[in-house]
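The values are calculated or read from the model by the stated rules, or taken from the named source; none is laboratory data. Note that the structure is a prediction, hence the values are computed from the model and not measured. For neighbour counting, all protein chains shown are included, and Cβ atoms are generated from backbone atoms with ideal geometry for every residue, glycine included. Accessible surface areas use protein heavy atoms only, side chains included; no ligands, DNA or RNA. Shrake-Rupley method; radii C 1.70, N 1.55, O 1.52, S 1.80 Å.
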There are 2 protein chains.
Amino acid sequence: MRIGVLAKAAGVSVPTIRYYESIGLLTPPARQGGQRIYGSEDVKALSLIRHCRDLDFSLDDIGDILASLQRRLPCSDTKSFAEQHLRSIRTKIAELRALEATMVALVSGCETTCCGSTAPDCVILQPGQVTCG
Amino acid sequence: MRIGVLAKAAGVSVPTIRYYESIGLLTPPARQGGQRIYGSEDVKALSLIRHCRDLDFSLDDIGDILASLQRRLPCSDTKSFAEQHLRSIRTKIAELRALEATMVALVSGCETTCCGSTAPDCVILQPGQVTCG
DNA sequence: CTACGCCCTCAAGCCACTTGAGGTTCAAGC
DNA sequence: GCTTGAACCTCAAGTGGCTTGAGGGCGTAG
């Protein structure tokens, strides 16, 4: 199949496939008249990459995951990748929640204190006024 | 004061200050012998930018905020920037929580189903198995 | 043989910086 | 006046994960 068919089959854009090839994440396929020709394993590989991107793994991590597939490493390897990723997701959630609390405090501070004045005096823009994160 | 002093006063790195100037966020200061010389208003302006970056506003947004300061627009303008930003923070939190739930399901699925097998069969890597987001 | 869609490569753009190379200016000490 | 060292300067490239655009080649149907 040609690249456009692969793209639809795996749910990835054509330039993205070429990009993955350029960084060594996908192995370059055979060519016919200069055009890339793919097989069904390529659909599998690319679908896996897409799945991992949906889970927000980095391309670096995905490279490691693909390598562990090729070496037939045990499943526990995959799981530890996933657990580490889960920890970083939770860290990011905690940071965003702290930021959310800060923003809520600033907005309500604006409503009770300075609404009606001009921007330079707004509590939202006062450094070091309210910080929850 | 010179750029290094400003940097410490506002809690921003020296290259970052030059970068802000290059994109037009900071107005270019006077020079002495080719070196940038700043005043106390520059500390204020840069501290404000840093404050907004701490709140994770984009530099584009910060440009708009600075413009609304210069035009002495009402505080309600600032507040609506903040509210919109708060909404996008909450959207991102929701996305990350869905992702967190998916990852938890995948990891526990791995523990109960496939731990001990090799990576290619791991449920974590099966597209379309578990999706919460 | 022409039209059209799909394919190709290469380069640049996005965001918010950081890092590095290679050179200049300033302040202090001798 | 000279040297040293820190701080300054500019310009270019790298980060991540693509997307977009320019300018051209290939394949097939009419």
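A:A98 versus A:D121, label points 7 Å from Cα toward the beta carbon: distance in nm?
Going from the A:A98 label point to the A:D121 one covers 3.2 nm.
Got a sec to turn the phi values of the stretch B:63-72 into Karplus ³J(HN,Hα) couplings, 6.51 cos²θ - 1.76 cosθ + 1.60 with θ = phi - 60°, whole Hz, x for Gly and Pro?
Karplus values, whole Hz, x for Gly and Pro: x, 5, 5, 4, 5, 5, 5, 4, 7, 6.
Hull surface divided by four, with the convex hull built on the Cα atoms of the stretch A:3-73: how many nm²?
4.7 nm²
Could you tell me the total accessible area buried at the B-A interface, probe 1.4 Å, in square angstrom to the nearest hundred?
4100 Å²
For the pair A:R50 and B:S80, how long in nm is the line joining their label points, each one 7 Å along Cα→Cβ?
In this crude spin-label approximation the distance works out to 4.0 nm.
Pull up all non-local amide H partners of B:L55: gap of 5 or more, or a different chain, and H-to-H distance under 5 Å with H placed in the peptide plane.
none
With viscosity set to 0.692 mPa s and temperature to 37 °C, compute the Stokes-Einstein D of chain B, Rh being the Kirkwood radius across alpha carbon pairs; µm²/s, no decimals.
Value of D from the Cα-based Kirkwood radius: 175 µm²/s.
From Cα coordinates alone, what are the radius of gyration and Dmax values for the stretch A:77-125 in angstrom?
When restricted to Cα atoms, the stretch A:77-125 yields Rg and Dmax of 18.2, 58 Å.
For a quick check: with amide H placed at 1.01 Å from N, whose amide H comes under 5 Å from B:T118's, ignoring anything fewer than 5 positions away on the same chain?
Hits under the 5 Å cutoff: A:C75.
At a probe radius of 1.4 Å, what is the per-residue accessible area of A:R31, in Å² to the nearest 10?
Roll a 1.4 Å probe over it and A:R31 shows about 120 Å².
Using θ = phi - 60° and the Karplus curve 6.51 cos²θ - 1.76 cosθ + 1.60, what whole-Hz ³J(HN,Hα) does each residue of the stretch B:14-23 get, with Gly and Pro shown as x?
For the stretch B:14-23, the Karplus curve yields 4, x, 5, 4, 5, 5, 4, 5, 5, 9 Hz.
Identify which of B:E111, B:E41, B:E83 has the largest mean-square fluctuation in a Gaussian network model of chain B, with springs joining Cα atoms closer than 10 Å.
Residue with maximal mean-square fluctuation among B:E111, B:E41, B:E83: B:E111.
Each residue of the stretch B:111-124 in turn: what ³J(HN,Hα) in whole Hz from Karplus with 6.51, -1.76, 1.60 and θ = phi - 60°, glycine and Pro shown as x?
Coupling constants for the stretch B:111-124: 5, 8, 10, 10, 4, x, 7, 8, 3, x, 9, 4, 4, 4 Hz.
Using a 1.4 angstrom probe on the protein heavy atoms only, could you order B:D56, B:D61 from most to least accessible area?
Largest accessible area first, the residues go B:D56, B:D61.
Which values of log₁₀ I(q)/I(0), to two decimal places, follow from the Debye formula for the protein assembly as shown at q = 0.15, 0.16 Å⁻¹ with a uniform point scatterer at every Cα?
-1.02, -1.08
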